[in-house]
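See structure below.
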Amino acid sequence: MIHLVTDTTAYLPPEIAKKLKIRAVPLKVTIGDTGIDENQIALEDFYTRLAQVETTPRTSQPSPGEFMVLYEELTRGGDEVLSVHISSGLSGTSLVAEMAAQQVAPDRITVVDSRSATCGLAMMVRVAAKALSAGASREDAAALVRQMTQRYTGVFLVETLDYLARGGRINGAARFLGTVLHLHPLLYMNDGKIDGLGLARTRKRGLQQVLDEVEKRVGQGPIYACVTHILCPEDAQALAEQIQGRFQCVDFFVNETGPAIGSHVGPGFIGFAACPVLLDDRGGV
């Protein structure tokens, strides 16, 4: 049997994770002096607590021990593991997972750096899960994910860059600081890191630019797709309807980004990740 592992920054809807039997190792969030697994706190509570402290929240990857315990459990009896994680440009999670894999069963565990997070990572994990369910080998499913890391795009709209600036997670986006008082920054995943893409005068215009930018990158053909948001479900639903009417979505779902990423992008964050379908049958996996 081949097991699929990711981390909580995929933010897979629980029903999807359960159906596809995907295990997620939690990242940690520290607010003030309190550290917690990010999947143990609701977003509303997280931002309420965040407003009550002066210090910037800290996030950290799982420990090698957590991965080792899970990998030992899953590989017992000769089973294999495909482990797909948040971009190494944003977190040390993939490196920690690889270290643990080498200690437990390097010949039966494959770790893949998704070069993405949240909706991009979720999309890749879901495609990998369906590939494995359809009979793909661990090597073939890993190769599929690696192809997706090279061809996917993720474009996001944030209300402010303040959260990214405080968390030290901006790259070229820094050039927009000081100019975004009344504007909405657009960001994208650039070589596994967050970078600046542009500015929109209104949120409505920004969401339109998200659609246009993704279409420029993935074209008109069939795509795998996912929308993500933080505490703006109405906007996410409206964006999802536009995407499904405009693109040929072979696989599509919506997730909600949690505290580990949310601490860096803030409420009102919304994004769209897409990747051209890589299989000839265009039926997904």
**Study point:** Lone qualifier among V227, V214, V250 - being assigned to a strand (DSSP E or B), under 30 Å from E44 (Cα atoms) and not small (G, A, S)
**Key:** V227
Check your understanding: Which condition breaks for E15 when tested against (1) over 19 Å from H85 (Cβ atoms); (2) in contact with a Gly (Cβ under 9 Å, 6 or more places away or on another chain)?
Key -> (2)
Practice item. Go through the stretch 237-268 and give me each residue that's crowded, with 21+ Cβ neighbours inside 10 Å, at pLDDT 95 or above and over 13 Å from the mean Cα position of the chain (by Cα). Key: L239, I243, F247
Review point. Of a type outside the set (F, W, Y) and buried (at least 16 other Cβ atoms within 10 Å of the Cβ): does that describe T55?
Key: no
Practice item. Go through L82, L132 for me and flag whichever is more than 17 Å from the chain's Cα centre (by Cα), buried (at least 21 other Cβ atoms within 10 Å of the Cβ) and in the same structural domain as K28 (by TED's automatic domain parsing). Key: L132
Practice item. Working carefully through the options L187, L183, find the one that is out of contact with any Ser or Thr (no Cβ under 8 Å at 6 or more places or on another chain), over 26 Å from H85 (Cα atoms) and modelled with pLDDT under 95. Key: L183
Exercise for review: Tell me, yes or no, whether the stretch 64-71 has at least one residue that is more than 27 Å from K193 (Cα to Cα) and buried (at least 23 other Cβ atoms within 10 Å of the Cβ).
Suggested key: yes
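The values are calculated or read from the model by the stated rules, or taken from the named source; none is laboratory data. As the structure is a prediction and not an experimental result, all values here were calculated from the model. A quick note on method: Cβ atoms are made from the backbone with ideal geometry, for glycine too, and the neighbour counts reach across all protein chains shown.
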